[in-house]
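Below is one structure, written out as structure tokens, with a few remarks after it.
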Amino acid sequence: MIAVYCFLELAWPKRFLLPGLFGESVFCVNTPDKVLALTFDDGPDPVYTRAISQTLLDYQAQGTFFVLGKHSAKYPQIVRTLEKQGHEIANHTWHHYNLNSKFKDTISREIRETDILISQLISRDNVHFRPPFGRAGFVVTNVLKQIKKPIIFWDVDLQDWRGKSAAEMMKIFENNFHNGSIILLHDSDGVAKGGVYASRHNTVEVVEEILKAYTPQGYEFVTISELLKRGTVVKVQERCLKQFSNNKDGRE
């Protein structure tokens, strides 16, 4: 187990390779439609999740919230409210462990117990899943294959976890998104890489800036489930990047 963990840590820059080769993964969707999916990890949070969901409502947009079990158990009403507002609830494990450092039983329990809680709160089964840190090695991928859960990754990371400002995140978005993109953001407070405090006020701000700028241009901001209906799933991250390169000026 230790040897496998060390290998996966050394392979961090290529951490999306295994799920793409041996599992079912989603990085973006190939579609002519002007649709995008905003996704939010690590909530719910009584301040930031509510602020983000209200901003989405103001622009008649939907988001997908990859919630933690431990936070959902603490704030169940927020989860129920998100569902009533038309947003999608998805699984981000119970504790936010690096699953590559855990044994199979722990991995299964982290996913299963969060699924059970979500089902109890909103009466939905078989919700989408995203592993903490986007880390899914051999064991994680195998567990997910057995329960028939694809991994929902992303192709545009706005890096709010690094403590980026709203202006910096907006620039990342504008330089990288395309039709069918899945955008990674976070709605629970954290500490950015290097110990910098990663305020989610910046996340709330950039969500509003994106919606304000691109909703009038005809872009729809939809849930992951809706996005998957609108085109062909792209299972390898590099193909999302290629799609963007080929369509750099084609955001019509």
Residue by residue through segment 151-160, which ³J(HN,Hα) values in whole Hz follow from phi under the Karplus form 6.51 cos²θ - 1.76 cosθ + 1.60 (θ = phi - 60°), with glycine and proline marked x? 9, 8, 8, 7, 10, 10, 9, 7, 6, 5
What size of dipole, in debye to the nearest 20, comes out for segment 72-120 about its Cα centre when the only charges are +1 on Lys and Arg C-beta atoms and -1 on Asp and Glu C-beta atoms? 100 debye
Shape descriptors of segment 113-153 over alpha-carbon atoms, Rg and Dmax in angstrom, are 11.0, 31
Pairwise Lys count, segment 93-216 - Cα closer than 19 Å, eight or more residues apart or different chains: 7
Any aspartates and glutamates with Cα under 12 Å of the Lys229 Cα? List them, leaving off those in the same chain fewer than 8 positions away. Asp33
Per residue of segment 83-99, in order, report the coupling 6.51 cos²θ - 1.76 cosθ + 1.60 (Karplus, θ = phi - 60°) as ³J(HN,Hα) in whole Hz, putting x for Gly and Pro. 4, 5, 7, x, 7, 10, 9, 9, 9, 10, 6, 7, 10, 6, 6, 6, 5
For segment 38-50, in residue order, the Karplus 3J(HN,Hα) values (coefficients 6.51, -1.76, 1.60; θ = phi - 60°; whole Hz; Gly and Pro = x) are 8, 10, 10, 9, 5, x, x, 10, x, 9, 6, 5, 5
For Phe129, residues with placed amide H under 5 Å, excluding near neighbours: Asn91, Ile152
Low-density loop positions, trypsin sites (Lys or Arg not before Pro), segment 134-187 - DSSP coil, at most 13 other Cβ in 10 Å: Lys148
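Since every read-out is calculated from the coordinates, none of them should be taken as a lab result. The structure presented is a predicted model; accordingly, all values stated were derived computationally and were not measured. Positions of Cβ are backbone-derived with ideal geometry, glycine not excepted, and every protein chain shown enters the neighbour counts.
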